[in-house]
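See structure below.
No lab work stands behind these numbers, since they all come straight from the coordinates. On a predicted model such as this, the values are computed, not experimentally measured, just so you know. Cβ placement follows ideal geometry from the backbone for every residue including glycine, while neighbour counts extend to all protein chains displayed.
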Amino acid sequence: MYYAVTLALVVTMALALARAVLGPTVYDPVLSVTMFGTKTVLLLSVIAFLYGRPDFLDLALAYALINFIGVLAVLEFFRSRAIRREQERQDGGSAE
Amino acid sequence: MKIALDILSWVLLTAGGVFVLVGGIGALRMPNLYTRMHAASVTDTMGAILVIAGVMIQAGFTLVTIKLAAILLFLLITSPAPSYALGNAAMLAGIKPDAGSAADLEQAP
């Protein structure tokens, strides 16, 4: 039974990776990475039961936290870059 | 009783797998960034809740259940924040939400 869920999770991770590679904007890979992270946490929880090794749950817990911080850091970078570009464009526009 | 719990957890796990798969297909096939975020959020909420609930029933009342509850809590608290930050950053970068067209192909920065 765990195999079906594991398969669904792995296929979804592959689809998220495909979207990350295809993504037309810079935000698509970020979205894919968030999705991929959540799927990794779920996959680790299911694998803990598939192999009967509950230690995997600690890894899942740590991964959930690391994923959260990592995605927020990347997004803060993109956000400040967008604001900076907007400011530069306005400054350039008023100077002309 | 054992069989009933097993069946319940199998149903939850299968439903979770279906939700995750549907969200993954949506995230690949939807036309623009905001609709893809909508599809991806299905896997973050419904998929996570159902899969974790399914394995929780298998675990019974042990320390493992507490850990699973902590994982679910973290997932549910932490998934909206990146979604909001992503939407906010994309909006600031000038990608307009326009469902029904593949508009962000031309608007890509």
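Points worth noting:
- Put in line by how crowded their Cβ is, counting other Cβ atoms within 10 Å and starting with the fewest, A:Y2, B:Y84 read B:Y84, A:Y2.
- By the count of other C-beta atoms within 10 Å, a proxy for reagent exposure, A:S45, B:S83, A:S80 are ordered fewest to most as A:S80, B:S83, A:S45.
- Residues of type lysines that B:K2 reaches as a straight line, Cα spacing below 27 Å, ignoring anything fewer than 8 places off in the same chain: B:K67
- Exposure proxy for A:M35, B:M30: other Cβ atoms within 10 Å of each Cβ, ordered fewest to most, give B:M30, A:M35.
- Average other protein chain Cβ within 10 Å of Cβ, residues B:47-54: 4
- For chain B: relative contact order, % (alpha-carbon pairs under 8 angstrom, 6 or more apart): 31 percent
- Chain A: relative contact order in percent, alpha carbon pairs under 8 Å with at least 6 residues between: 24 percent
- Net charge over other residues, Cβ less than 14 angstrom from the Cβ of A:S80 (K, R count +1; D, E count -1): +1
- Here the sum of -39500 (n - 2.57) over DSSP H runs of 4 or more residues, divided by the residues of chain B, equals -24500 deg cm²/dmol at 222 nm, to the nearest 500.
- With the simple spin-label model, which puts each label point 7 Å out from Cα in the Cβ direction, the A:E88 to A:A18 separation comes to 3.6 nm.
- Shielding by partners - mean other protein chain Cβ count within 10 Å, residues of A:29-41: 6
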